[in-house]
Amino acid sequence: MSEQYKYILDESKLPKAWYNINADMPVAPAPVLHPQTKEPVTPDFLSVLFPMSLIMQEISTERYIEIPEPVREVYKLWRPTPFFRAHRLEKALDTPAHIYYKYEGVSPVGSHKPNTAVAQAFYNKEAGTHALTTETGAGQWGSALAMACNFFGMDLEVYMVKVSYNQKPYRRMVIESYGAEVYASPTDRTNYGRSVLAQDPDSPGSLGIAISEAVEVAATSGGTKKYSLGSVLNHVLLHQTVIGEEVLLQLEMAGEYPDMVIACTGGGSNFGGFAFPFLRKNFTEGKQTKIIAAEPAASPSLTRGKYAFDYGDTAQMAPIVKMHTLGHTFVPPTIHAGGLRYHGMSPQVSALVEHGFVEARSVNQLATFEAALTFARTEGIIPAPEPTHAIRVAIDEALKCKETGEAKVIVFNLCGHGHFDMAAYDAYLKGQLVDYEYPAEEIEEAMSHLPEVAF
Ligand SMILES: *Cc1c(COP(=O)(O)O)cnc(C)c1O
């Protein structure tokens, strides 16, 4: 009998709607607060940064939101994405578990990020916006939004964390190839950037600083530029649910339903997009799939952070939201999974973890690269450093099955390939990679700067 390795959906099966978990959230949402007044924000305040259509998606409680046809047309360049049974990994682990993975690395920029970039570019264009600003860490988000803005004929300014700008030039070149402008943040283009440089001319930058710069440019543009965020917000996770909706159909083709669903979490977008459709089944159909969020031990917002109100950025210009946070002044160590280095977390994912509907686990850097090489040498794909956290957890669970003899169905999200991250593999193979201890003192210090709010 020949075994099936991949499950491919026809283009006609590309989902027509995103799933909005607000409709089924078992806990009421916390208010989003104005960074200065610390009172609940009005759509007016947010409309300086975002088009009204996205603000309405942020608070919508409709269970399904139609994917606009122009967005589906662009999705069709790479979607539906393939879903694999990891037969060779199973054999190498000698596990009775059935391991499956969804592969988002087939998008033109190599990650899941275009799923929301294309949608955000579309809604901004529809609202009459001609230019966007954004930040990027290692460059995955910047390249996704650059591609999307190019498709919809919009200008884009990208504030790229300086240390990545210097160390990872290829994604900067990708961004420029799509026609966008990239600046090494902190820059001298913004008041906030200049204030950071005045204190520390050699500042390596951080995601929090870059967000502040991109927000400042949009907020002071007199309405000509809007700001776009690649993770954390409800509408971003919403757009990513196209991933999980496809996986449900692909698992049906395979005749299986998962015991466990695993994805990595930086701001929570690939996790939410992958896992929320399974949470819907848990909430509304009595399914009992275990849902696991995998994060780095060096930036452990879900497992070691505090569930509290905090600013989304370093300069305290972004709204205050209730989330798991390490403190907005905390700068995580420069681990190679750059996409997971954010002080906060999606409020939706945070609430689900806080109330026990999602389990969070942290993983050390060396253990993730060990898992990544096992995966690459069995399945062939070299994963981005971020999803190696999910792979580590999936392998650990499959090894537990080997002990117990259980044939559990384990499904994880391979949210990107690692072709632009080969320096990280090089460092690992040369024995130069290290684990970072949980920076308890620094996080405690950062916690003393959380805003005091009345909610
Ligand atoms: C950006 C990125 C992440 C982290 O962001 P999430 O919003 O948590 O998904 C993870 N993996 C890849 C490949 C990324 O590009």
Against the 2.2 N^0.38 Å rule of thumb, the C-alpha Rg of the range 344-405 sits at a ratio of 1.31
Run down the aspartates and glutamates and flag those whose C-alpha is under 20 Å from the C-alpha of residue 322, throwing out any fewer than 8 positions away in its chain.
-> 24, 39, 58, 295, 310, 313, 354, 359, 444, 445, 452
Dipole magnitude of the range 162-289, debye to nearest 20 (Cβ charges: Lys/Arg +1, Asp/Glu -1, about Cα centre) = 280
A correct Stokes-Einstein calculation for the range 35-81, using the alpha-carbon Kirkwood radius, 10 °C and 1.306 mPa s, returns a whole-number D in µm² s⁻¹ of 120
If you take the C-alpha gyration tensor of the range 354-448, multiply each eigenvalue by 5 and take the square root, what semi-axes do you get, largest first, in whole Å?
-> 24, 22, 13
The range 265-315: which trypsin sites (Lys or Arg not before Pro) are DSSP loop and have at most 14 other beta-carbon atoms within 10 angstrom?
-> 287
Starting with the highest mean, order 54-63, 147-156, 26-35 by the number of other Cβ atoms within 10 Å, averaged over the residues of each peptide.
-> 147-156, 54-63, 26-35
For the range 146-218, state the average projected area of the convex hull of the C-alpha atoms over all orientations, rounded to one decimal in nm².
-> 4.6
P(r) for the range 299-422: what percent of alpha-carbon pairs falls in each 5 Å bin, starting at zero?
-> 2, 11, 17, 19, 18, 15, 11, 5, 2, 1, 0
State the percent of C-alpha pairs, over all pairs in the chain, separated by a distance greater than 27 angstrom.
-> 49
May I ask which residue of 416, 395, 405 lies farthest towards the positive end of the charge dipole of the range 357-451, with charges of +1 (Lys, Arg) and -1 (Asp, Glu) on Cβ and the Cα centre as origin?
-> 405
Rg from C-alpha atoms of the range 57-200, normalised by the globular rule of thumb 2.2 N^0.38 Å, equals 1.29
Tell me, what is the percent relative contact order of the chain, built from C-alpha pairs under 8 Å that lie six or more residues apart?
-> 19
Of all the Cα-Cα pairs you can form in the range 225-378, what percent are over 19 Å apart?
-> 55
Show me 170-178, 102-110 ranked by packing, highest mean number of other Cβ atoms within 10 Å first.
-> 102-110, 170-178
Eligible lysines near residue 162 by straight Cα distance, threshold 23 Å, same-chain separation 8 or greater = 113, 225, 226
Toy charge model, Lys and Arg Cβ at +1, Asp and Glu Cβ at -1: the chain dipole around Cα centroid in debye, rounded to 20, equals 720
Relative contact order as a percentage, the range 278-353, C-alpha pairs under 8 Å and 6+ apart, gives 27
Viscosity 1.567 mPa s, 4 °C: Kirkwood-radius Stokes-Einstein D of the range 119-262 over Cα pairs, µm²/s | 79
Let me have the 222 nm mean residue ellipticity of the chain computed from DSSP H runs of 4+ only, each contributing -39500 (n - 2.57), with the sum over all residues rounded to the nearest 500.
-> -12000 deg cm²/dmol
Given H placed on each backbone N at 1.01 Å, which residues far from residue 363 in sequence or on other chains put an amide H within less than 5 Å of it?
-> 295, 297
Relative contact order of the range 232-273 (C-alpha contacts under 8 Å, at least 6 apart) in percent is 63
Here the percent of antiparallel bridges among DSSP beta bridges lying wholly in the chain, to the nearest 5, is 35
Could you list which residues have their amide H under 5 Å from that of residue 412, counting only those 5 or more apart in sequence or on another chain, with H placed in the peptide plane?
-> 100, 101, 102, 262
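Throughout, read-outs are computed from the coordinates displayed, never taken from laboratory work. Here the structure is a predicted model, which means the values were calculated and not measured. FYI the Cβ positions are ideal-geometry reconstructions off the backbone, even for glycines, and counts take in every protein chain you see.
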